[in-house]
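Worksheet: one structure, shown below.
The values are calculated or read from the model by the stated rules, or taken from the named source; none is laboratory data. Just so it is clear, the structure is predicted and the values come from calculations on it, not from any experiment. Here Cβ is always computed from backbone atoms with ideal geometry, including for glycine, and neighbour counts include all displayed protein chains. Remember, those area values only see protein heavy atoms, side chains included, never the ligands or the DNA or RNA. Shrake-Rupley method; radii C 1.70, N 1.55, O 1.52, S 1.80 Å.
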Protein chains: 4
Amino acid sequence: MSSQSPIPVVVNGAGGKMGLEVIKAVANAQDMVLLGAIDRNPKIQGEDIGELAGCGALEVPVMNDIQAILAMASQEKQTAVMVDFTHPDSIYENVRTAIAYGVRPVVGTTGLSPQQIQELADFADKASTGCLIIPNFSIGVILMQQAAIQAAKFFEHVEIIELHHNQKADAPSGTAIQTAQLLGELGKTFNPPSVTESEKISGARGCIADENIRIHSVRLPGYIAHQEIIFGAPGEIYLLRHDTTNRSCYMPGVLLAIRKILGLKSLVYGLEKIL
Amino acid sequence: MSSQSPIPVVVNGAGGKMGLEVIKAVANAQDMVLLGAIDRNPKIQGEDIGELAGCGALEVPVMNDIQAILAMASQEKQTAVMVDFTHPDSIYENVRTAIAYGVRPVVGTTGLSPQQIQELADFADKASTGCLIIPNFSIGVILMQQAAIQAAKFFEHVEIIELHHNQKADAPSGTAIQTAQLLGELGKTFNPPSVTESEKISGARGCIADENIRIHSVRLPGYIAHQEIIFGAPGEIYLLRHDTTNRSCYMPGVLLAIRKILGLKSLVYGLEKIL
Amino acid sequence: MSSQSPIPVVVNGAGGKMGLEVIKAVANAQDMVLLGAIDRNPKIQGEDIGELAGCGALEVPVMNDIQAILAMASQEKQTAVMVDFTHPDSIYENVRTAIAYGVRPVVGTTGLSPQQIQELADFADKASTGCLIIPNFSIGVILMQQAAIQAAKFFEHVEIIELHHNQKADAPSGTAIQTAQLLGELGKTFNPPSVTESEKISGARGCIADENIRIHSVRLPGYIAHQEIIFGAPGEIYLLRHDTTNRSCYMPGVLLAIRKILGLKSLVYGLEKIL
Amino acid sequence: MSSQSPIPVVVNGAGGKMGLEVIKAVANAQDMVLLGAIDRNPKIQGEDIGELAGCGALEVPVMNDIQAILAMASQEKQTAVMVDFTHPDSIYENVRTAIAYGVRPVVGTTGLSPQQIQELADFADKASTGCLIIPNFSIGVILMQQAAIQAAKFFEHVEIIELHHNQKADAPSGTAIQTAQLLGELGKTFNPPSVTESEKISGARGCIADENIRIHSVRLPGYIAHQEIIFGAPGEIYLLRHDTTNRSCYMPGVLLAIRKILGLKSLVYGLEKIL
């Protein structure tokens, strides 16, 4: 990649927890150059985003004018990319604006409705431009899910345990539910019963998600975000486990998305589509 | 122990799965001698119990006359011990009969009511004889529970996961419930909430046992009997796990009970009391 | 499969631990029929192999005449299969003999040299017949290895821990070495160092297998056969674990091989080729 | 504790990673008051240590004059405590100075020689003052080690796996070596061999620490600091695991030490002595 000009990158939501991680990752990527940092937090306007991210001055000030920055980005010789970790209330407009300026959006912000996604897909089609919507940037989680899909072709029995910190209010986790859905799409009904089960205390056997797959949610301080998918058959257990210990684990997925979007001509949903 | 005469041992329920394990263990213990094998299964009467247990001929035939065998055992110079893995319907009588003959009972059979246990305790007291009732012979499980009690003095947050084969009908397991009870006896209320939790699918967060301790029960072929006790605090997780992979793991507890009962003068309940 | 006639199966080494498991599995498979049981153990000649396997009388006596049984199998309308779990010293001849009789060999016996395998491949080619050599019948282990190959494309860092009972004399296990080889074939060098490591006690960091992948071998009573492949990257761990708790776990692989060999016309090595 | 006056605390090495955690913990402890923050880093002199620690202004400026701050602390009505996370080159003097001023030292800095520790013990004895030297402030690690000591009385077989980030240069970890020492002090020789082992690749079986206990050291990015102590016996595995995911896990041990030192009259080494 050294012979090519670097990819210009704009980060929207640059001052948030994920945004600051993206700033560091882009600053350290040799094939990218940080062009702009957008954030609506009034306290950090004008500050050097590199200093805020703890990776030294980058001479890129935080600004709150998405139009101005996208206009600047659209002047670059190489197609620019906007990484967006902002808010559900602004993400739809952000994506339309970026596409209008010919800047390609990599979206980590959640909260788009299926209808909004469809509209953005149509919009991207008309513009023949790539647009990536990625609910989970962890390559490790995608690998675990894909390995589970392979395993589910041979195993009849599977349960999921997800373990998170006790600040997480909802259970089960979105990733666990999605994992059960992915296995359910194989068209099998898992866990045929061999005895009539009874719960002596209600809830012991967890909740039942798609296709009769049980999910158990543990909440304890000390955990961050962890998931186990456990397949069982007579005489064997096959277990897949992913531990997230730090937001930095999402950055390989973000950088991959920035590189891959340049070759896309339409909206693509999910990191697994570009691995 | 070589200078002492070996402990005479009678096994009641000798032809069952646990009984056969006990036969092997006693046959291999240098400080014990197998005196008799009782079983009511008509198909194996008169057969050499050593052959049935797969440890070679022991010249001890299976018999169904508990009185005759206990009478014989009572003639031994060294006090004899009866290990009982039979049935709830006979265990109370078995224990009384053994004590009447001066043979000390080590009971692995479950199903005695609290009142029956009290009566047997009174009976043993009058006879000034030891009697051991052991619902779980696994030293490993006891060690795990004792370690959990120590940990629970310093941790506020704990959950339990137990994993068993999918032939097990009830959930949660007796050991998991008992573990929660043991922690509950410390007088703490565990797992003070830090957010208002909500289950998107009912049962996700497991069941709530004593003192607000959650238990999650996994049932999959490939598992045998496993339990995790997980303590969490900011920045750390402390996990205790016990895996039973084979009935042989109960034998050190059985042999320990046989040796310890000779020094007892009353009924004792639970392996933890004699460790 | 109900409309087709069942596959006739001969088991060579029927009286061994794996052979008896295969007998049970074939007896329970609705699309197979057990035709013969070969074993050279003089003590069990003529006995009903079903009784020995603990699955009830099958009216198939143990015999030691491989030629006679293969001749009989070759008369079946449906092509017959011979499953072989015998000895390194006889396996080469067993395979040639089976092919000569038109019976298709599924080989679980290890110990064939690369040259012998090549010769058998040529022999099978000339006969246009399928021949399966399967060093590991565990579908779970193959799935774990295939998942590891996928993960290794995205992770730079990986180590392997294998845990076995303390009767296992050699370390590391064949499966662990083979796993490292499979990852090594990707052409990456794993685990680029970030510091200069030093062992305060020699051996702490395990052994170094193919492509700089470390293997750690634990040997403890209580374990059977277990392996973990652990991938690490900043902020995340992705772990694959397989536990073998019983020989029965190999049977789905054996039955799959019996079914798949009927469609093959040459020698195939490794269960992964027919998944 | 509300009726008592709070414990005055001085933090030496306040600007370091551990120091800043201690600042936060003391600031949040209702029975303590932060009196002074000492650090020799010229860049942060005079800054509010609360701001640096991210817990809001505490009106305690960083200073580099240990004598002045200890003199101030010695004027408090309630006995003051100095928590020291500094450097091996200054720790000996720091402790002597604190004791001279009547301030009680809680030492997390490592690097004191056995002779220095003896001298400080004599010094503390003469002053009839408490002094705590704590190489590991993790209560969870201590609990794990104490549970292991209990288990080691009943199990003959044990191995240790420790897993750290790949920035850690030395192996095995100090905690793993210390754990083996603690088990070794029981006077047993662990892991009697049942077969003659051979390493096909050197190092596979890990390193041999005290009393024949094997340690395996894994180094991968994504890990922080983790240890497993695995006990095995026929038919069972008993595993203890501690995960450190954040420095905050040491704070309960630091606060406990601050509270306990007020009741001591001599030097005490190790957190386990005051649990």
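Under 8 Å for C-alpha pairs, at least 6 residues apart: give me the relative contact order for chain B, rounded to a whole percent.
19 percent
Quick query: amide H of residue A:194 versus all other amide H atoms, modeled in the peptide plane; which residues come in under 5 Å with a sequence gap of 5 or more or a different chain?
The answer is none.
Toward the positive end of the charge dipole of segment C:1-131, about the Cα centre and with charges on Cβ (Lys, Arg +1; Asp, Glu -1), which of C:15, C:69, C:130 goes farthest?
My answer, from the dipole projection, is C:130.
In a Gaussian network model over chain D where Cα atoms closer than 10 Å are linked, find which of D:191, D:64, D:136 has the largest mean-square fluctuation.
Taking springs between Cα atoms under 10 Å, the residue moving most is D:191.
Residue by residue through segment C:263-275, what is 3J(HN,Hα) from phi via Karplus (6.51 cos²θ - 1.76 cosθ + 1.60, θ = phi - 60°)? Round to whole Hz and write x for glycine and proline.
x, 9, 10, 7, 6, 10, 10, x, 4, 4, 6, 10, 5
Using alpha carbons only, how many angstrom separate the centre of segment D:74-137 from the centre of segment D:197-227?
Spelled out, the Cα-based centre of one part sits 35 Å from the other.
Work through the residues other than residue C:245 whose Cβ is under 13 Å from its Cβ and net out their charges, Lys, Arg +1 and Asp, Glu -1.
-2
So what's the Cα pair-distance distribution over chain B, bin width 5 Å, in %?
Histogramming chain B at 5 Å steps yields 1, 5, 12, 14, 16, 14, 12, 9, 7, 5, 3, 1, 1, 0 percent.
Share of antiparallel DSSP beta bridges in segment A:122-218, in percent to the nearest 5?
Taking every DSSP beta bridge within segment A:122-218, about 40 percent pair in antiparallel fashion.
For segment D:186-200, list whatever residues lose no less than 20 Å² of accessible surface once every protein chain is in place, relative to that chain by itself, with the probe at 1.4 Å.
D:194, D:195, D:197, D:198, D:200
Please report, in debye to the nearest 20, how large the charge dipole of the protein assembly as shown is about its Cα centre when each Lys and Arg carries +1 at its beta carbon and each Asp and Glu carries -1 there.
Dipole size: approximately 0 debye.
May I ask for the accessible area buried between chains A and B, both sides summed, probe 1.4 Å, to the nearest 100 Å²?
For chain A against chain B, roughly 3500 Å² becomes buried.
Amide H to amide H, which residues 5 or more places from residue D:209 or on other chains are under 5 Å from it, using H placed in the peptide plane?
So residue D:209 has HN proximity to D:214, D:215.
Note the angle between two axes, namely the Cα long axis of helix D:88-100 and the longest principal axis of the Cα atoms of chain D, as a number of degrees from 0 to 90, rounded to the nearest 10.
Helix D:88-100 sits at roughly 50 degrees to that axis.
Work out the length of the dipole vector of chain D about its Cα centre, built from +1 on the beta-carbon of each Lys and Arg and -1 on the beta-carbon of each Asp and Glu, and round it to the nearest 20 debye.
That gives a dipole near 220 debye.
Mind checking the angle between helix B:114-127 and chain B's longest principal axis? C-alpha axes, 0 to 90 degrees, to the nearest 10.
40 degrees
Quick one: among B:105, B:252, B:221, which has the greatest mean-square fluctuation in a GNM of chain B with alpha-carbon springs under 10 angstrom?
Most flexible of the set in this elastic network: B:221.
Only loop residues by DSSP count here, and only those with at most 13 other Cβ atoms within 10 Å; note down the trypsin sites (Lys or Arg not before Pro) in segment C:216-275 that meet that.
Answer in residue order: C:265.
Write down the Å³ per residue value for the convex hull defined by the alpha carbon atoms of segment B:135-201.
Dividing the Cα hull volume of segment B:135-201 by its residues yields 118 Å³.
On the protein heavy atoms, probe 1.4 angstrom, tell me the percent of accessible surface of chain B carried by carbon and sulfur.
C and S atoms contribute 50 percent here.
What's the local net charge at residue C:161, with K and R +1, D and E -1, over the other residues with C-beta under 14 Å away?
+2
Going through the cross-link list D:17/D:168; A:24/A:273; A:77/A:265; B:43/C:17; A:260/C:273; B:43/B:168, which pairs have a Cα-Cα distance over 20 Å in this structure?
A:24/A:273; B:43/C:17; A:260/C:273; B:43/B:168
Taking only Cα atoms and a 10 Å spring cutoff, compute GNM fluctuations for chain A and point out the largest among A:258, A:201, A:66.
In this elastic network of chain A, the residue with the biggest mean-square fluctuation among A:258, A:201, A:66 is A:201.
So, how do all the Cα-to-Cα distances of the protein assembly as shown break down into 20 Å bins, in percent, from 0 on up?
Whole-percent P(r) values from 0 Å outward: 10, 34, 37, 15, 3, 0.
Find the percent of Cα-Cα distances in segment C:91-183 that exceed 24 Å, and round it to a whole number.
Considering segment C:91-183, 41 percent of its Cα-Cα pairs are separated by more than 24 Å.
Within segment A:59-135, list the trypsin sites (Lys or Arg not before Pro) lying in a DSSP loop whose Cβ has at most 16 other Cβ atoms in a 10 Å radius.
A:77
In degrees, nearest 10, range 0 to 90: what is the angle between the Cα axis of helix D:251-261 and the longest Cα principal axis of chain D?
It is inclined by approximately 60 degrees.
Return one whole number: the accessible area per residue of segment B:139-244 in Å², for a 1.4 Å probe.
31 Å²
Divide by every residue of chain D the summed helix terms, -39500 (n - 2.57) for each DSSP H run of at least 4, and state the resulting mean residue ellipticity at 222 nm, rounded to the nearest 500 deg cm²/dmol.
Calculated at 222 nm, the ellipticity per residue is -10000 deg cm²/dmol.
Would you work out which of C:201, C:240, C:179 lies farthest towards the positive end of the dipole of segment C:139-244, given +1 charges on the beta-carbon of Lys and Arg and -1 on that of Asp and Glu, about the Cα centre?
Of the listed residues, the answer is C:201.
Tally Lys/Arg at +1 and Asp/Glu at -1 over every other residue whose Cβ is under 11 Å from the Cβ of residue C:5; what's the total?
-1
Would you kindly give the portion of the calculated P(r) for segment A:139-244 that falls above 16 Å, as a percent of all Cα pairs?
The answer is 57 percent, as a whole percent.
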